[in-house]
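Engineer: Below is a structure I'd like to ask you about.
The values are calculated or read from the model by the stated rules, or taken from the named source; none is laboratory data. The structure presented is a predicted model; accordingly, all values stated were derived computationally and were not measured. Ideal geometry is used to build each Cβ from the backbone, glycine not excepted, and the neighbour counts take in all protein chains shown.
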Amino acid sequence: MKSYRIALIPGDGIGPDVVAAAWQVAEAVAAKERFALEGTGFPWSCDHYLETGTMMPDDGIETLRGFDAILLGAVGWPASVPDSVSLHGLLLPIRKAFVQYANVRPHRLLPGVEGPLKKDGFDILCIRENTEGEYSGAGGRVHAGAPNEVAVETAIFTRAGVERILRFAFEKARERSGRLASVTKSNAQKHSMVFWDEITRELAAEYPDVAVTSYHIDAMAARMVMAPETLDVVVASNLFGDILTDLGAAIQGGLGFAASANIDPTRAGPSMFEPVHGSAPDIIGQGIANPLAAIWSAAMMLEHLGETGAASRIMRAMEHATANGIGIRPGEHRTGAFTEAVLNAIERE
């Protein structure tokens, strides 16, 4: 029997609730598909920071290296720990240490879910560059506190980094409809974004079966709202991808439906899977957090591990639940109710 070691990092806020739900579903489907999951929990969070002064121990990365995948709940508790500390203390170090350069976010309407656009056929796969670009962390501040204080934030785009995320996106487009949209702002950013466009054109010659179109970020934001059915795979830089995927989440019904994967396509290290809704401090402890995005992320994790049958089972079970009106409106059903509906659908199949 195959067995996979999974690092569980529930994190902050509603993270523990949704990770517990996702893990329960993952274990249930593993039993059906006859493979084993071995989960190890880590209490790394803002509470851990307040207790120890670090979001995770100094040997945290080496500890995670031995796992097949990481399932993360949420990071952040801004009332106690600045987001700049929590993000750069846990999430970004993991992404960068394991070269999880492809952030994959599926956006589509599940059965029974009516998005704000009232349109059918919304199904976009967003690919976001995940380790450099605008979030590289290069820069600094001088004359701190003085009237002439200066802050510099430098975006870093390497040929290797841009080429690998674009190639990943071309491959995904080839697997789907053969359509790729590349997003920049090259009319205003004449160095980094023109560079991105140039590499896009170079790679397009290697993928004659993929129709690639380049858009500016503002035009793409409008197109996702006005004509989302014209899009399939969308690829963008770290910042632009971050913005577009939150827009995509809103169109698919809200952040409670937004799953994601931080992928190392080389599989040299573990990839990390997480819902993108954040820690949601306003609903902590109420038992109403929607676990759908975390369960969907767990399905993406199993697919990445090669357990495609298990991933498909989870997706069908979620779709059965939403088609029956469970979990489609924020706060209407409790976390346990949606989890139970998914588990029941898995059991009945």
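Engineer: Do any strands (runs of 3 or more DSSP E) lying entirely in the stretch 1-110 carry at least 1 residues that are on the phi > 0 side of the Ramachandran plot, and which ones are they?
Structural biologist: Qualifying strands (runs of 3 or more DSSP E): 3-11.
Engineer: Within the stretch 164-180, how many residues turn out to be assigned to a helix (DSSP H, G or I) and either of a type in the set (Phe, Trp, Tyr) or touching a residue at least 12 places away in the same chain (Cβ under 8 Å) (or both)?
Structural biologist: 10
Engineer: Still on this structure: Can you tell me which of (1) more than 20 Å from Gly133 (Cα to Cα); (2) assigned to a helix (DSSP H, G or I) is the one Gly278 doesn't meet?
Structural biologist: (2) is the only condition that Gly278 fails.
Engineer: While we're here: Considering (1) in contact (Cβ under 8 Å) with a residue 24 or more places away in the chain; (2) under 15 Å from Leu110 (Cβ atoms); (3) under 21 Å from the mean Cα position of the chain (by Cα); (4) part of a helix (DSSP H, G or I), say which one Ala345 fails and leave the rest.
Structural biologist: (3)
Engineer: Then there is this: Which residue is farthest from Thr339 (Cα to Cα), if the candidates are limited to the stretch 11-24 and must be in contact with a helix residue (DSSP H, G or I) (Cβ under 8 Å, 6 or more places away or on another chain) and surrounded by fewer than 24 Cβ atoms within 10 Å (Cβ to Cβ)?
Structural biologist: Trp23
Engineer: Among the small types (Gly, Ala, Ser) and modelled with pLDDT of 95 or more: which single residue out of Ala337, Ala280, Ala310 fits that description?
Structural biologist: So the residue among Ala337, Ala280, Ala310 that is among the small types (Gly, Ala, Ser) and modelled with pLDDT of 95 or more is Ala310.
Engineer: Let me ask another. Take the stretch 108-135 and flag every residue that is of a type outside the set (Lys, Arg), under 18 Å from the mean Cα position of the chain (by Cα) and farther than 12 Å from Glu229 by Cβ.
Structural biologist: Selection gives Leu110, Leu125, Cys126, Ile127, Glu129, Asn130, Thr131, Glu132, Gly133, Glu134, Tyr135.
Engineer: Being loosely packed, with under 15 Cβ neighbours inside 10 Å and of a type outside the set (Val, Ile, Thr) is the filter here, so list the residues in the stretch 142-162 that pass it. Walk me through how you get there before you give the answer.
Structural biologist: Applying the first criterion (loosely packed, with under 15 Cβ neighbours inside 10 Å) to the stretch 142-162 yields 142-154, 158-160.
The answer is His143, Ala144, Gly145, Ala146, Pro147, Asn148, Glu149, Ala151, Glu153, Arg159, Ala160.
Engineer: Being modelled with pLDDT of 95 or more and either in a loop (DSSP other than H, G, I, E, B) or of a type outside the set (Asp, Glu) (or both) is the filter here; which residues of the stretch 111-129 pass it?
Structural biologist: Once the filter is applied, which keeps residues that are modelled with pLDDT of 95 or more and either in a loop (DSSP other than H, G, I, E, B) or of a type outside the set (Asp, Glu) (or both), the stretch 111-129 yields Ile124, Leu125, Cys126, Ile127, Arg128.
Engineer: Also: From the list Ala294, Ala299, pick out the single residue that is crowded, with 23+ Cβ neighbours inside 10 Å and touching a Lys or Arg at 6+ places or on another chain (Cβ under 9 Å).
Structural biologist: When all the criteria are applied, what remains is Ala299.
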